[in-house]
Amino acid sequence: MKASDRTPEEWIAHLARVHEAQKPGLEEMNRYYEGQQPLAYIHPELLEELGEQLKQVVINWPRLVVDALEERLDVEGFRYADDEESADDLWKVWQANGMDEKSQQATVDSLVMRRSFMVVGTNELDPATPLVTVESPLQMQVDWDPRTRAVRAALKRWHEQDPITDAITDRYAALYVPG
C-alpha cells in the first residue's frame, strides 16, 4: 500500500505500531540520561545474595556530557541575507512561544534519544501568531518520505493519570497529515 493511499485510521495504526517498537530503546536511552540505568557489572544472583551490603553508585556521565553540549546550543536569533523583517517576525514567533526554554528540551531530547520534534500549528488564542510546541520522542512518531524527507504523517499520543492512584484515566492521539 502506498503511503498516500492510507486512511487516517491506517496512519494511526501504522505509526502507533512503529512507535511501540521503537519506544523501549528510547526509554532505555532516557533512563541512562536520568541516571536510572541498572548495575551492569554485577550478576543479578550476586546482587541478590549481597542484598543491602551493596549500594548502587551511578556516576551520571550521560547527563554531564549532554548538558555540557546543550548549554552551548542556544538560539540567539534568526538571520536572512536580504530580509531582516522576516527574521524579526520569526524571532517574535519564537519568543511568543517561549522557545528559549522549550528549545532546550528539544536539544536535550535529540542528544539523548537521537530525535526531537517541534510542531507548528494554528493558535486559537492569537491567530496571527503560530503555535510552536516541542514534543518528546516518547510521545511522537513521524513517517518521512525516504526520497524527499518530507513528513508524510505524524502521530502524537499521550495520556492522563489519576494523581492518587497513577491509573491511566484517558488516552489521546493527534494525527498530523499534510493539509
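Key figures
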item	result
Which listed residue is exposed (fewer than 14 other Cβ atoms within 10 Å of the Cβ) and at positive phi, from ASP166, ASP162	ASP166
Wholly within the stretch 55-155, strands (runs of 3 or more DSSP E) carrying at least 3 residues that are modelled with pLDDT of 95 or more and surrounded by 14 or more Cβ atoms within 10 Å (Cβ to Cβ)	131-135, 140-144
Matching residues in the stretch 125-179 - criterion: being of a type in the set (Ser, Thr, Tyr) and more than 28 Å from ARG31 (Cα to Cα)	THR129, THR148, TYR176
Count of the stretch 90-140 residues which are free of Cβ contacts under 8 Å to residues at least 12 places away in the same chain and charged (D, E, K, R)	2
Hits in the stretch 1-45 (condition: in contact with a Pro (Cβ under 6 Å, 6 or more places away or on another chain) and at pLDDT below 90)	none
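The values are calculated or read from the model by the stated rules, or taken from the named source; none is laboratory data. The model shown is predicted, which means the values in this text are computed figures rather than measured ones. When we count neighbours, we look across all protein chains shown, and the Cβ atoms used for this are built from the backbone with ideal geometry, even at glycine.
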